[in-house]
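Report on the structure given below.
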Amino acid sequence: MAGATAPLLGLQKRSLREQALAALRAAITSGELEPGRHLVETELSDMLQISRGTLREALRQLEQEGLLSAGPRGRLSVRHLDAKEIRDIYSVRAALESLAARTLCELPDRQHAIRSLKAAIEAMAAAEKAGLQERIEADLEFHRTLCRLTGNETLLHSWESLEGSIRMSIMFAGQDKGMKNMSVDRHYEIVAAIETGDASLARKTIREHMDTAAANLVS
């Protein structure tokens, strides 16, 4: 792992597990730790300057997020997604976010939700001049907000369980394809559909958004 960049350098003493999680997550989603790479605990713990126990906690979390997969004897490696898996991920996303959109359409007063979603899009626009990681975070925050505003904790938890896989799908496709899916205009279309209160239109808009995103990533 020679030539490692900043995310995998030594960590501060505060919240070591959280810092390890953030550093490893960034290394995986940036491609520093490439798909299929086997992870060696001694090497990573030395590089991050944390105990093996703390590292294992972080690795377990990353496995739950879908960033790592376990092979023979439980040996962990960076997960590799194929085209079918990406289509499956976005099909499930479409179902979850369609439910979120329908729920918001049924609210007697949707204006608070609409304002929150528009604020999330403004954050996406502000991130356009930043790097890929910042743009990914802003994009994910919009979709997370869509689910959170429903007040349905099960829906939100289900969506968050896909977050690691979503990040991996972007890495699989590469920066150019990933950024195409972060169009501010395409996200305004979702908000506009929800604002009408037409649940059928909102669901249709979400599904088209996800179908296009998946097709773009695997093209």
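Quick one: order VAL218, VAL92 from most to least accessible surface, probe 1.4 Å.
Values: VAL218 35, VAL92 70 Å².
Listed by decreasing accessible area, they come as VAL92, VAL218.
If one takes the longest principal axis of the Cα atoms in the chain, at what angle in degrees, from 0 to 90 and to the nearest 10, does the Cα axis of helix 111-126 lie?
50 degrees
Give the ranking of ASP82, ASP139 by solvent-accessible surface, highest area first, calculated with a 1.4 Å probe.
The ranking, largest first, comes out as ASP82, ASP139.
Please list, in chain and number order, the residues 5+ apart from LEU68 or on another chain whose amide H is under 5 Å from its amide H, with Hs placed from the backbone.
Long-range HN contacts for LEU68: GLU63, ARG79.
Enumerate the calculated ³J(HN,Hα) couplings along the range 135-147 in order (Karplus 6.51 cos²θ - 1.76 cosθ + 1.60, θ = phi - 60°), each rounded to whole Hz, writing x wherever the residue is Gly or Pro.
Couplings: 5, 4, 4, 5, 5, 5, 5, 4, 5, 5, 4, 3, 6 Hz.
Per-residue HN-Hα couplings for the range 212-219, Karplus 6.51 cos²θ - 1.76 cosθ + 1.60 at θ = phi - 60°, whole Hz, x for Gly and Pro?
5, 4, 5, 4, 5, 5, 9, 5
Sort ARG52, ARG186 from largest to smallest accessible area, using a 1.4 Å probe on the heavy atoms of the protein chains.
ARG52, ARG186
Cα axis of helix 184-196 to longest principal axis of the chain: angle in degrees, 0 to 90, nearest 10?
40 degrees
What residues have an amide H closer than 5 Å to that of LEU76, excluding those fewer than 5 places away on the same chain, when H is modeled at 1.01 Å from N in the peptide plane?
Those lying under 5 Å, H to H, from LEU76 are LEU39, GLY71.
Contact order normalised by length for the chain, with contacts defined as Cα pairs under 8 Å and 6 or more residues apart; what percent is it?
Details: 256 pairs, mean separation 52.5, N = 219.
Relative CO of the chain lands at 24 percent.
Just the number, please: carbon plus sulfur as a percent of the accessible area of the range 1-148, 1.4 Å probe, no ligands or DNA/RNA counted.
Reported share for carbon and sulfur atoms: 50 percent.
Excluding ligands, DNA and RNA, what is the solvent-accessible area per residue of the chain at a probe of 1.4 Å, expressed in Å²?
Counting only protein heavy atoms, the per-residue value for the chain is 49 Å².
Between 0 and 90 degrees, rounded to the nearest ten: what's the tilt of helix 16-29 against the longest Cα principal axis of the chain?
70 degrees
I'd like the Karplus ³J(HN,Hα) series for the range 158-166: coefficients 6.51, -1.76, 1.60, θ = phi - 60°, whole numbers in Hz, and an x wherever there's a Gly or Pro.
Result, ordered by residue: 4, 5, 5, 5, 8, 4, x, 5, 5 Hz.
Give the residue from GLN49, ALA94, LEU107 lying farthest towards the positive end of the charge dipole for the range 35-126; charges sit on Cβ (+1 for Lys and Arg, -1 for Asp and Glu) and the dipole is referred to the Cα centre.
Selected residue: ALA94.
Within a Cβ distance under 12 Å of TYR188, other residues only, what is the Lys/Arg minus Asp/Glu net charge?
Numbers: positive: LYS118, ARG186; negative: GLU122, ASP185, GLU189, GLU195.
With Lys, Arg at +1 and Asp, Glu at -1, the neighbours total -2.
What FRET efficiency comes out for LYS177 versus GLU106 if R0 is 35 angstrom and r is the Cβ-Cβ distance? Round to the nearest 0.05.
Here the calculated transfer efficiency is 0.55.
Among [x] 12.7; [y] 10.6; [z] 17.3, which is the computed mean projected area of the Cα convex hull in nm²?
[x]
Using 1/(1 + (r/R0)^6) with R0 = 45 angstrom and r between the beta carbons of ALA125 and GLU63, what's the FRET efficiency to the nearest 0.05?
0.85
The values are calculated or read from the model by the stated rules, or taken from the named source; none is laboratory data. As the structure is a computational prediction, the values presented were derived from the model and not from experiment. Note that each Cβ is placed from the backbone with ideal geometry, even for glycine, and that neighbours are counted across all protein chains shown. To get the accessible areas, we keep the full protein, side chains included, count just its heavy atoms, and leave off ligands, DNA and RNA. Shrake-Rupley method; radii C 1.70, N 1.55, O 1.52, S 1.80 Å.
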